[in-house]
Amino acid sequence: RDRLRTARVDFRDAAGLREACAGAVGLIHLAGILIESRKTSYGEANVETTRAAIAAARESNVPKLVLVSAIGADARSANPYWRSKGGAESLVRESGIDYTIVRCPLLLGCDGAGDRALAREVAAKIVPLPGGGANLEQPLDARDLSDGLLNAALSRACARGLVLDAVGSESLPLRELVKRGARLRKTYPIILPVPIELLRAILALRTRLFGPGFSPEVIEVMLADTKLDPVPAATALGIALRPLDETLAQSL
């Protein structure tokens, strides 16, 4: 506790960020959004906050910057979410500061949006899933991510200059993830397939009528398959991945 200090600073307050970063051995930047709103855009939340974090780290002589990004990040992507995440990564790589970039999939075990969605699905009698939940998920335990981020931030040499896809130990269809969670809760939801093209059309109409929010681009991100080798990132970050069932038990 004697090393703990909390500071609440607007990312546009350069002087406040410099003061908050003074004396730090590392900076973990994990700001960002998946769903835009009228108040916050991908460019502001995913890119401009990263630009501010880099400036604060550079001006405060922070030796290591760790960026939490997303699986699929690509500055040339047609999808605005992935494009913004790729843009943030480019800023970090070009910053001149030692860095580690950690791309994440669905996170569980932290009372986040993924946990709350899974809990609702497990508890429901009927669960509508786009495409019947055939898309592959490879959820990562948030505690494993936290351990890896701390290792990278506290050691300048840990995963220096690497872009890592940090994924969980198992890849499985979303519908199987829901069923597996249901078995832990002893519930028996019925999966109701929702046609993906119909959902996209509805969301496109919603976006045209009401502006930023749940959009076809968000669905594209959510339905992207994730099936990657978990070993390289876990090894580079010095973490041992928890079994999926342990993560689900924590999540639910």
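The values are calculated or read from the model by the stated rules, or taken from the named source; none is laboratory data. For clarity, every value in this text was computed on a predicted model and none was experimentally measured. With ideal geometry, Cβ positions are generated from the backbone for all residues, glycine too; neighbour counts draw on all protein chains shown. Surface areas here come from the heavy atoms of the whole protein model, side chains and all, with no ligands, DNA or RNA. Shrake-Rupley method; radii C 1.70, N 1.55, O 1.52, S 1.80 Å.
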Run the quick spin-label model on residue 205 and residue 35: label points 7 Å from Cα toward the beta carbon, then report their separation in nm to one decimal.
1.9 nm
Placing each pseudo-label 7 Å from Cα in the direction of the beta carbon, residue 187 and residue 240 end up separated by a distance in nanometres of 3.2 nm
Top mean-square fluctuation among 54, 97, 190, Gaussian network model of the chain, C-alpha springs under 10 Å?
190
Reference-scaled alpha-carbon Rg (2.2 N^0.38 Å with N residues) for the range 179-252:
1.57
Place a +1 charge on the Cβ of each Lys and Arg in the range 104-252 and a -1 charge on the Cβ of each Asp and Glu, then give the dipole magnitude about the Cα centre in debye, rounded to the nearest 20.
440 debye
Arrange the residues 12, 3, 18 by how much accessible surface each exposes, largest first, with a 1.4 angstrom probe.
3, 12, 18
With 5 Å bins from 0: P(r) over the range 1-77, alpha-carbon pairs, percent:
3, 14, 23, 24, 16, 12, 6, 2, 0
I'd like the accessible area for residue 210: 1.4 Å probe, protein heavy atoms, all chains in place, Å² to the nearest 10.
120 Å²
Report Rg(Cα)/(2.2 N^0.38 Å) for the range 72-112, keeping two decimals.
1.36
Estimated FRET transfer efficiency (residue 154, residue 19; beta-carbon r; R0 22 Å; 0.05):
0.55
Cross-link partners of residue 125 among lysines (Cα-Cα below 25 Å; sequence separation of 8 or more within a chain):
179, 186
Would you kindly find the accessible area of residue 198, with a 1.4 Å probe and non-protein molecules such as ligands, DNA and RNA excluded, rounding to the nearest 10 Å²?
100 Å²
Round to the nearest 10 and give me the degree value, 0 to 90, for the angle of helix 142-154's Cα axis relative to the longest principal axis of the chain.
20 degrees
Taking a cut-off of 30 Å between Cα atoms, list the lysines near residue 64, but don't count ones fewer than 8 places away on the same chain.
85, 227
From the backbone phi of the range 182-194, what are the Karplus-calculated ³J(HN,Hα) couplings (6.51 cos²θ - 1.76 cosθ + 1.60, θ = phi - 60°) in whole Hz, Gly and Pro given as x?
5, 4, 5, 8, 6, 10, 9, x, 9, 7, 10, x, 10
Counting only helical runs of four or more DSSP H residues, what would the 222 nm mean residue ellipticity of the chain come to if each run contributes -39,500 (n - 2.57) and the total is spread over all its residues?
-12500 deg cm²/dmol
Rounded to a whole number, the Stokes-Einstein D of the range 39-149 in µm²/s (Kirkwood radius over Cα pairs; 20 °C; 1.002 mPa s) is 135 µm²/s
Rg and Dmax of the range 115-175, Cα atoms, in Å?
16.1, 50
Within the chain, percent of DSSP bridges classed antiparallel, to nearest 5
10 percent
For labels at residue 2 and residue 176 in the simple 7 Å Cα→Cβ model, what's the distance in nm?
5.1 nm
HN-Hα J couplings of the range 93-110 from phi, Karplus 6.51/-1.76/1.60, θ = phi - 60°, integer Hz, Gly and Pro as x?
5, 8, 6, x, 9, 4, 9, 9, 10, 10, 8, 10, x, 4, 9, 10, x, 9
Can you bin every Cα-Cα distance in the range 158-211 into 10 Å intervals starting at zero and give me the percent of pairs per bin, rounded to whole numbers?
17, 23, 25, 27, 8
Under Stokes-Einstein, with the Kirkwood radius over Cα pairs standing in for Rh, what whole-number D in µm²/s applies to the range 133-241 at 20 °C and 1.002 mPa s?
129 µm²/s
Most mobile listed residue (176, 89, 36) in the chain, GNM with C-alpha springs under 10 Å:
176
